[in-house]
Amino acid sequence: MAGLFPKHWIPEVMDEFELALQFGISVLVVACPCALGLATPTAVMVATGKGASQGVLIKGGNALEKAHKVKTVVFDKTGTLTIGKPKVVSAVLFSHFSMEEFCDMATAAEANSEHPIAKAVVEHAKKLRQKFGSHAEHIAEAKDFEVHTGAGVSGKVGDKIVLVGNKRLMRAYDVPVGPDVEKYVSENEQLARTCVLVAIDGKVAGAFAVTDPVKPEAQIVVSFLHSMGISSIMVTGDNWATAAAIAKEVGIKKVFAETDPFGKADKIKELQLKGMTVAMVGDGINDSPALAAADVGMAIGAGTDVAIEAADIVLIKSNLEDVVTAIDLSRKTMYRIRLNYVWALGYNVLGMPIAAGILYPFTGIRLPPWLAGACMAASSLSVVCSSLLLQSYKKPLNLKDSQAQV
């Protein structure tokens, strides 16, 4: 650039080369992309920290970025929409076995299962044993124990083959389900209860009716998601009647029932093929394939380690309202990142011509290197401060505060 300036442009204290060098240094300093480099990582760092303090553990920026695109949330039923603490409300016999024998068989078969319903059955069966006169603490162990995912368990107790599960398990083993059993199951399913059938040596010996109350915030969360333009779907391994009753209670219109773990993952993929960005919310081993298949997997904090490992986001407090928090925080973060980029790019677009001397011929104003450095630092600082504003983020749906005010 030396030799290109009119003589009257050049300050008395420097020559042509020195002036050109100062313009070059100023451009180099202003062009430094520090602000652009800070725009995303600072926002992600602040957002993940804020999320953790709110009870939402986000595993990296990829999950945070995808969550803002979510248009469909798929909920598991047991332990997600429901409290996850099933309780047996009735038990009935359909055979010649005594209640004590029936409970012994059911307890032995279910003892090794990790499913919440199995634990409820074992707890209730033990109480019934004591009620009907059995004080023996020892319970026979089931041999050849096998878990039939989405259906129940089977095993050999003594010399008897015991099946504990739903009607699908009975059908798989060709166990006839009589009209009295069908009536009991139908009546309880209409009340949103799950029926656990116990078959001994190929015949239904009795059944337990299990209830699992819906979480008090479930309906509000589903409604709030709808107001955000997000649809809700329920997928469960439970029967259609119980699933439909629970879905109606919480306000979900679309239901997939009697679905095994890989069937849940297939449903997620079907939705994705329709162009939907899908979040899956679940808590159990049965949900882990679907959590992994979803664009964003959200695990209930009180759920199994397998589900938590498969998920992208963990809802530490096990509150459904944190599903809303995770998606809303993602949206706010992406907005902040875009704002950071606009500011950083705007600084470069405006700063570089000024640093190059576009104003100098007309006004005599130029940007010395030291001032260019200060502008660069101010730009980076402004981006960091912009990201730090995410620290003031508040949950859009805070049911505890609402209840406290009431």
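Readers should treat all values here as calculations from the given coordinates under stated rules, not as data from a laboratory. These numbers come from a predicted model, not from an experiment. When we count neighbours, we look across all protein chains shown, and the Cβ atoms used for this are built from the backbone with ideal geometry, even at glycine.
Which of rounded, prolate or oblate describes the range 87-211 when judged by the alpha-carbon gyration tensor and an a/c cut-off of 1.5? Cα axes put the range 87-211 in the rounded bin. Take the Cα of Ser53, step 7 Å toward its Cβ, do the same at Lys71, and the gap between the two points is 3.4 nm. Under a model in which nothing but the beta-carbon of Lys, Arg (+1) and Asp, Glu (-1) is charged, the range 87-211 shows a dipole of about 280 debye around its Cα centre.
Quick check on my link table: of Lys253/Lys394; Lys71/Lys332; Lys87/Lys269; Lys203/Lys254; Lys50/Lys317, which ones sit more than 24 Å apart, alpha carbon to alpha carbon?
Lys253/Lys394; Lys87/Lys269; Lys203/Lys254
Positive contributions from Lys and Arg (+1) and negative ones from Asp and Glu (-1), summed over other residues with Cβ under 11 Å from the Cβ of Glu101, come out at 0. Along the range 100-106 the Karplus relation, 6.51 cos²θ - 1.76 cosθ + 1.60 evaluated at θ = phi - 60°, assigns HN-Hα couplings of 5, 5, 4, 5, 4, 5, 5 Hz to successive residues, with x for each Gly and Pro.
Label the range 44-98 by shape, choosing from rounded, prolate and oblate, from the square roots a ≥ b ≥ c of the eigenvalues of the Cα gyration tensor; if a/c is under 1.5 it is rounded, and otherwise prolate applies when a/b is larger than b/c, oblate when it is not. Can you show the working numbers first?
Details: a/c = 5.22, a/b = 3.14, b/c = 1.66.
Prolate is the answer for the range 44-98, as a/c is 1.5 or above and a/b outweighs b/c.
Shown is the FRET efficiency for Ser95 and Asp144, computed with R0 = 22 Å from the Cβ-Cβ distance and rounded to the nearest 0.05: 0.50. Under the rule a/c < 1.5 gives rounded, and otherwise a/b versus b/c splits prolate from oblate, where does the range 181-271 land using the Cα gyration tensor? Oblate is the answer for the range 181-271, as a/c is 1.5 or above yet b/c matches or exceeds a/b. Here's the picture: a label point sits 7 Å out from the Cα of Tyr335 along the beta-carbon direction, and within the range 220-245 the residues with their amide nitrogen under 15 Å of it are 228-229.
The stretch between Lys85 and Met228, if pulled fully straight at 0.36 nm per residue, gains 48.5 nm over its current Cα-Cα span.
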